[in-house]
1. Karplus couplings for the stretch 39-55 from phi (6.51 cos²θ - 1.76 cosθ + 1.60, θ = phi - 60°), rounded to Hz, Gly and Pro as x?
2. Sorting 10, 151, 67 by accessible area (1.4 Å probe), largest first, what list results?
3. Could you sort 24, 150 by their accessible area in this structure, using a 1.4 Å probe and putting the largest first?
4. Amide H to amide H under 5 Å from residue 79: which residues, 5+ apart in sequence or cross-chain, H placed 1.01 Å off N in plane?
5. Going by amide H atoms built from the backbone, whose H comes under 5 Å of the H on residue 137, apart from near neighbours?
6. I'd like the Karplus ³J(HN,Hα) series for the stretch 23-35: coefficients 6.51, -1.76, 1.60, θ = phi - 60°, whole numbers in Hz, and an x wherever there's a Gly or Pro.
7. Please determine, in degrees from 0 to 90 and to the nearest 10, the orientation of helix 147-161 with respect to the longest principal axis defined by the Cα atoms of the chain, where the helix direction is its Cα long axis.
8. Below 8 Å, C-alpha to C-alpha, sequence gap of six or more: please give me the relative contact order for the chain in percent.
Amino acid sequence: NLGYTAQELHRLTPLDLKPEFAKEAFEQLIAPLRTGQRKTLSFDARHRRKDGSYYDVEVHLQKSTCHGRPVFVAIILDTTERNQATRMLEERQARLQAVLNTAVEAIITIDSDGICESVNPSAEAMFGYAASELIGSNISMLMPPPFRDEHDTYLANYLRTGEKKIIGIGREVIGQRKDGSEFPVHLSVSEVRLGDRLLFTGIIQDITERKESERRLIQSERLAAVGEAMTSLAHESRNLLQKIQM
């Protein structure tokens, strides 16, 4: 890892390999081992190779004896790949969080007991609750009766029987805001298993405008049908009057 020969390493100190540490800081770090307050010590550091490049390490240090002399024994793990994987995971999580934070739809994740675990800003805006009010609470608080009372029973039945009514299907339901007002939403629910935990993610769209447009369209169609019927009736009435006059 370091690129030194054993003979070269014998002439070096830990601080030669860890130039980011000042001597005082390193002595303070290992002081509990010198005094016997601790038997082992673990810390992260960066080692400098002979060619000047650096790599991440995890150091496990303990005090021991060798031929009657006190020594420090270090087990040093190269954590370059692990740290890269961690950074990649953090980046993916950050990208996912950015997507959730900017999504137009409300996105809420609950556990198998119906308890909210995560809420995006659109969900806060849609329902009028702060995330802190929703997380840790039952998702049924976003539903009006009788749906509120039926939700936990439905969830328990699904976990017991596997019978799906919304999960993986999607349907129109009624939501309830913090101020008590109700509004139509389209709810799509997916499930994911993380280890031994089952989580459900709901994507919620406020379809108030769509339903209002549908209502106006139906009303227009009904008015048009009435108008056609009235026109037809008027036409038939004129024909009837003409026959009577003749």
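The values are calculated or read from the model by the stated rules, or taken from the named source; none is laboratory data. Note that this is a predicted model, so its numbers are computed, not measured. So basically every Cβ, Gly included, is an ideal-geometry build from the backbone, and we count neighbours across all protein chains shown. SASA here: full protein model, heavy atoms, side chains in, ligands and nucleic acids out. Shrake-Rupley method; radii C 1.70, N 1.55, O 1.52, S 1.80 Å.
1. These are the phi-based 3J(HN,Hα) values: 8, 9, 8, 10, 7, 9, 7, 10, 9, 9, 6, 4, 7, x, 7, 10, 8 Hz.
2. Greatest to least solvent exposure: 67, 10, 151.
3. 24, 150
4. 56, 57, 58
5. 116
6. In residue order, the calculated couplings are 4, 5, 5, 5, 4, 5, 5, 8, 4, x, 6, 5, 8 Hz.
7. 60 degrees
8. Answer for the chain is 11 percent.
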